[in-house]
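Chemist: Below you will find the structure I want to go over with you.
FYI, it's all coordinate maths here, none of it is from the lab. Everything numeric in this text was worked out from a predicted model, so none of it was measured. With ideal geometry, Cβ positions are generated from the backbone for all residues, glycine too; neighbour counts draw on all protein chains shown.
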Amino acid sequence: MRDIMRQFDSLNLHAPSSPEYQAFKYTRLVCAGCHWEFPSSYTLSLIGAIDGNTRIVLGATPGYVELGRNGTCTKCGSTESFLAYQRYEPSSISQADVDAIRQYWRHLGKLRWSKTGKITAICDCCNEYVSRVGTYFFDDRLECETCTDKQFADGVNKLRGNPFYYGATELQRARSFAKLHPGTT
Ligand SMILES: [Zn+2]
Ligand SMILES: [Zn+2]
């Protein structure tokens, strides 16, 4: 992994805005044994960006030092892992993808309401009260229709410029979601 990163950097083949570069930047490291997706602190540790002496690592999960040292999964002991690499061709991205992400977030919003059992909530963006109808949940935030409209304004271009604009895995998840729930609005 460390070598791949170094090679990738030194080759300098791809411009930072290229689909290859972006795909690599958002690559995920998955254990080959238990399929656990390692937290980003693990990946950083493995490429030598952080170690046990790094004092403050935001969101670091215990075990990253171990993985960085010997590449062993702290859950199952496997020493093999693979990189999940998702490359999107900008021309393959359409309004349907933007709609899919929106519907996916809407779906998460509905789940959120049913889980909390609350009757009212506040939009994490504009602080207005929101109702069960027309709320969106993503990245641990609940947002109202108006704020979500703003997020998705010019969505196709945002997504073509950066397929990970709405999150590292949102496009992938939203596409799967749209397949499972065709015609959801
Ligand atoms: Zn494992
Ligand atoms: Zn709002």
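Chemist: Normalised radius of gyration for the stretch 112-185, please: alpha carbon Rg relative to 2.2 N^0.38 Å, two decimal places. Please list the in-between numbers first.
Modeler: Numbers: Rg = 13.6 Å, N = 74, 2.2 N^0.38 = 11.3 Å.
Compactness ratio reported: 1.20.
Chemist: Give the long-range amide H neighbours of SER81: residues separated by 5 or more places, or on another chain, with amide H under 5 Å away, using H modelled in the peptide plane at 1.01 Å from N.
Modeler: ALA32
Chemist: Another question about this same structure. Sum up the lysine pairs in the stretch 78-185 that clear both bars: alpha-carbon distance under 22 Å and a spacing of 8 or more or different chains. Each step should come with its number before you reach the end.
Modeler: Working: LYS110/LYS118; LYS110/LYS150; LYS110/LYS179; LYS150/LYS158.
Summing the qualifying lysine pairs gives 4.
Chemist: Give the peptides 165-178, 112-125 in descending order of average Cβ contacts within 10 Å, highest first.
Modeler: Working: 165-178: 17.8, 112-125: 12.9.
My ranking of the peptides, most packed first, is 165-178, 112-125.
Chemist: While we're here: So how far apart, in nm, are the two label points at ASP154 and SER131 if each is 7 Å from Cα heading toward Cβ?
Modeler: Each label point is offset 7 Å from its Cα along the Cβ direction, giving 3.2 nm.
Chemist: Order by neighbour count: VAL133, VAL30, fewest other Cβ atoms within 10 Å first, most last.
Modeler: Values: VAL133 9, VAL30 16.
Fewest-to-most ranking of VAL133, VAL30: VAL133, VAL30.
Chemist: Please rank PHE137, PHE164, fewest neighbouring Cβ atoms within 10 Å first, as an exposure proxy.
Modeler: PHE164, PHE137
Chemist: Less than 9 Å Cβ to Cβ from GLY109, Lys/Arg counted +1 and Asp/Glu -1: what total charge do the surrounding residues give? Please list the in-between numbers first.
Modeler: Working: positive: ARG106, LYS110, ARG112, ARG132; negative: GLU143.
With Lys, Arg at +1 and Asp, Glu at -1, the neighbours total +3.
Chemist: Stretched out fully, how many nm does the piece from ALA96 to LEU83 gain, at 0.36 nm a residue minus the Cα gap?
Modeler: Numbers: separation 13, 0.36 × 13 = 4.68 nm, distance 2.74 nm.
Value of the extension gain: 1.9 nm.
Chemist: Let me ask you something else. Quickly rank 142-151, 82-91 as a protection proxy: mean count of other C-beta atoms within 10 Å, highest first. All intermediate terms of the calculation are to be shown ahead of the outcome.
Modeler: Details: 142-151: 17.4, 82-91: 13.3.
In decreasing order of mean packing, 142-151, 82-91 become 142-151, 82-91.
Chemist: Next up: For GLN172 and ASP140, calculate 0.36 nm times their separation in residues minus their Cα-Cα distance, and state this gained length in nm to one decimal. Before the final figure, lay out the partial values.
Modeler: Numbers: separation 32, 0.36 × 32 = 11.52 nm, distance 1.82 nm.
Gain on stretching GLN172 to ASP140: 9.7 nm.
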